[in-house]
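This report refers to the structure that appears directly beneath it.
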Amino acid sequence: MITKITKLKNFGIFHDYSWTAGFPEFKKYNLIYGWNRSGKTTIARVFASCEKKCIYDKDKFKQYPENGEFEIKTDDGVIVNNTNVTTNILSIKVFNQDFIDEHISFNPAESCAPIFYQSKEDYESEKRLTQLKLDKITFGKTYEEAKKTKLAKEETKNTFLTGLGREIANILFDKNYNKKKVESNINTIGIDNYSGKILSDEDKKKYEAISKSTAGVVQNPLADYQFSFPFEGVIVNSFQMLFDEVNKLLSKNVISETLDRLKDDHSLNNWVKQGYDLHKAKNEKGKCLFCQKPLDNDFLNSLSRHFSKDYEDLQNTISYLRNDIIKIKKNEFALKNDDLYPDLKVNYETKAKELNECIGKINAWIDGVLKKLEEKHNNPLSVVINSKTPEDFLTSYNQIIEELNKIITDHNEKVINHDKEVTKARDKLELNSIAAALSEQDYKKMVNDYIEAARNEDVALKALNNNDSEILDLEKQTSNIGNAINEINKHLKEFFGREEIKLALDADKKGYTIERNGHPAINLSECEKTAIAFSYFVVKIGEGSFDKSKGVVFIDDPISSFDSNFIYHCFSMISTHFKEVGQLFISTHNFQLFNLTKDWFINKNNTTKRDNEKARAESKVGKPIPCEYFMVENFTESDIRKAKIVELDRTLRNYKSEYHFLFAKLKEFSDKPNTEYEDFYTIGNMARRLFDIFADFKIPTTGDQKSKMDVLLNNINVPDEKISKIDAGKAYKLVNEFSHNSDPTSTIEHKDKSESKEAIKVLLNIIKESDPKHYEILLKILHSKS
């Protein structure tokens, strides 16, 4: 049994409603009163959503408010809301305008859908249907449990994936990385194939650095080591050729008349050579430039013969060669290259050290050669022992250069393919994180548990659907649309007192048409349409698998334009056919139907109270009170009309007459010191209705409101004026403006609260002055009920 509507949000006029704490819960029989357009049908659509197992759908349920949210609670703790309504197992039938539009066509050219009506003769099928309906409850509970288990297992799995996705997103600086990508990766690679994906600490740091890096700059390759210069008619372009040419110079002899004292003393020889060259340059032949003493006549000539042309040529040749050799020396190579990608730097530094070692050997050999040449230059007449044979320096140097260039090439490729390298590094880090997480938690068990739970849910749902299908098939096999039409026609005859309007099988004998006196019915009145629709609903309750004794029935405003006889008959059908229903809801705006239903419910409650008194006297447990009364109340908040479900107003409980109720509400309104804005919503409608009733029995003639008010005022103001024309105009304005506007919200346009309140006081004063005794009795009744 449904106990409460705990939530209605964005649901028509119910903007943000919740069940008030301490508010009476729904009972077995429930009466809901409300003005037209107050929100009764909106409540019915909550129940219809449970019946249809559907929320907004432009084809199936377009009347459901888009984005509407609801939640209802049952006495066994089940909560049904807009998110799980598709799988609810509540058994509900709803009668409202939506039902009429869906099931009945009043177009004589169209057939109505068939009614599935179980044949009473098929006893075996009846027993089977009964068992299937019992099984449906069991299957439904099994399915709900399986669904809960699957959701729990899914939540465990998703929590793992979500946490891991967030961790990887932080590592990769990728805010779009999420659990779906984690799950996709695991499904692609395979949950058992991650054992080799865990990185060492060193590799992890390396890939982290790459993943955070920006694209580098392309570097130029290093040049090979090569030289070439002309010497003595040859091109020297290798160390071996250089070695050979040096040897030739070191072993070369010069032709001169040597001076023994100079030949044997290199330092003296060099000093004298410098002096000789200076005297030649200054063309001084007579005296010594150092001591200014005269020179011997043959002294310079003897020196000239000692320092011959061969001597000087050899020295010049050595100087030229030394200058060329100095040029081929190599500077030390820089060990670090900070612009390289991190993973290439270590190898680059290793090769740079090797290159510097090679350069050291080259320069050391060259320095040795230069030293020998200097020695020969200083004493061309001496015999100089040659330096050692050179290694293959060019090959060694260029091999290292080639290896360094390979590193530079790798770097340049990384620059060109930087995005790919970053992606590769991040893939490595992603796999490492997943592999590490899989090694720490048993995700495989999570997946298997979820798969098993999902499989169990599918099995349970399939069993439930198969059961429903079998019920539907069996109902179709045992259906008897003819019997259903006969039942409806009986009700129509009772409604109209004759067999003028009937239902008849269509040409295919699968549906039915509506006929008047044997011909397609046209121009049906609203009364006739409502009678047909409600009769249809009463019979349709017996179709399919609906168990009326356990199901919920919601009847929304079954009265349209019925006269009193039709209203009584409609009530009789309700009290007869739904007296043993599992739970009944009746909503109405019609005061006559409201009073009939209220009296029926009051009798039920009183009977139960009497039975409970007997039970208590016999020390037995009593039964719960079966009936409850509610109303839909409208109010305005932030200039928005809203609705809420409240307890039935005291005056509606206490008075059987609508007139008493209206008088009580208007008197309460006029006596309030501070009128709430929400009071203005229905006050004009009430004022108009109260005046109409009073004026009709005081002046039982034809005429409009204005004429009847004028008659009343003339009687009141003779001989003395008791109610001024200005005051009477205020009252008439209130009732007349509303009576010409079908929208009850129009009363909200009365901006001046004091004017509306004064108008009500004037209206009550008109009643008082017109019939003081009548007014006094109304007050006594009002005070006796307070």
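The values are calculated or read from the model by the stated rules, or taken from the named source; none is laboratory data. Since the model is a prediction, treat every value here as computed from it, not as a measurement. As a convention, Cβ positions derive from the backbone with ideal geometry for all residues, glycine included, and neighbour counts pool all protein chains shown. Just the protein is used for accessible areas: all its heavy atoms, side chains included, with ligands, DNA and RNA removed. Shrake-Rupley method; radii C 1.70, N 1.55, O 1.52, S 1.80 Å.
Things worth noting here:
- Cα centroid separation, the stretch 588-611 to the stretch 22-45 (Å): 15
- Summing Lys and Arg as +1 and Asp and Glu as -1 over all other residues whose Cβ lies under 15 Å from the Cβ of Ser200 gives a net charge of 0.
- Charge tally in the Cβ shell below 15 Å around Ile699, where Lys, Arg are +1 and Asp, Glu are -1, Ile699 excluded: -3
- With contacts taken as Cα pairs under 8 Å and at least 6 residues apart, the chain reaches a relative contact order of 20 percent.
- Probe 1.4 Å - accessible area at Phe139, Å² to nearest ten: 70
- Per-residue SASA remark: Lys351, around 40 Å² accessible (1.4 Å probe; ligands, DNA and RNA not included).
- Per-residue HN-Hα couplings for the stretch 137-143 [Karplus 6.51, -1.76, 1.60; θ = phi - 60°; Hz; x = Gly/Pro]: 5, 5, 4, x, 5, 4, 5
- Projecting the Cα atoms of Ala352, Phe139, Asn466 onto the dipole axis of the chain, where Lys and Arg carry +1 and Asp and Glu carry -1 at the beta carbon, places Phe139 farthest toward the positive end.
- When the residues Lys614, Lys598 are ordered by accessible surface, computed with a 1.4 Å probe over the protein chains alone, the sequence from largest down reads Lys614, Lys598.
- Residue-normalised accessible area of the chain, given per residue in Å² at a 1.4 Å probe: 54
- Selected from Asn81, Asn717, Asn685, residue furthest toward positive end of dipole (the chain; charges at beta carbon): Asn717
- Protein accessible area in the chain, 1.4 Å probe - carbon and sulfur %: 48
- C-alpha long axis of helix 772-785 to longest principal axis of the chain, angle in °: 60
- Bridge orientation summary for the chain: considering DSSP beta bridges with both residues in this region, about 65 percent are antiparallel.
- Label selected from (1) 11, 24, 18, 12, 9, 8, 9, 6, 1; (2) 12, 25, 23, 16, 10, 8, 6, 1; (3) 15, 43, 31, 10, 1, the criterion being P(r) over Cα pairs in 20 Å bins from 0, in percent as computed here: (1)
- The figure for Leu472 is an accessible area of roughly 80 square angstrom, using a 1.4 Å probe on the protein chains alone.
- Using θ = phi - 60° in the Karplus curve 6.51 cos²θ - 1.76 cosθ + 1.60, the 3J(HN,Hα) couplings for the stretch 422-436 round to 5, 4, 4, 4, 5, 4, 4, 5, 4, 4, 4, 5, 5, 4, 5 Hz; x is entered for Gly and Pro.
- Angle in degrees between helix 526-540 and the longest Cα principal axis of the chain, rounded to the nearest 10: 70
- Over all other residues within a Cβ to Cβ distance under 14 Å of Ile400, the charged ones net out to -4, with Lys and Arg as +1 and Asp and Glu as -1.
- Database remark: amide H of Lys4 closer than 5 angstrom to the amide H of Phe26, Lys73 (H placed geometrically; neighbours at sequence offset of 5 or more, or on other chains; Pro and chain starts carry no H).
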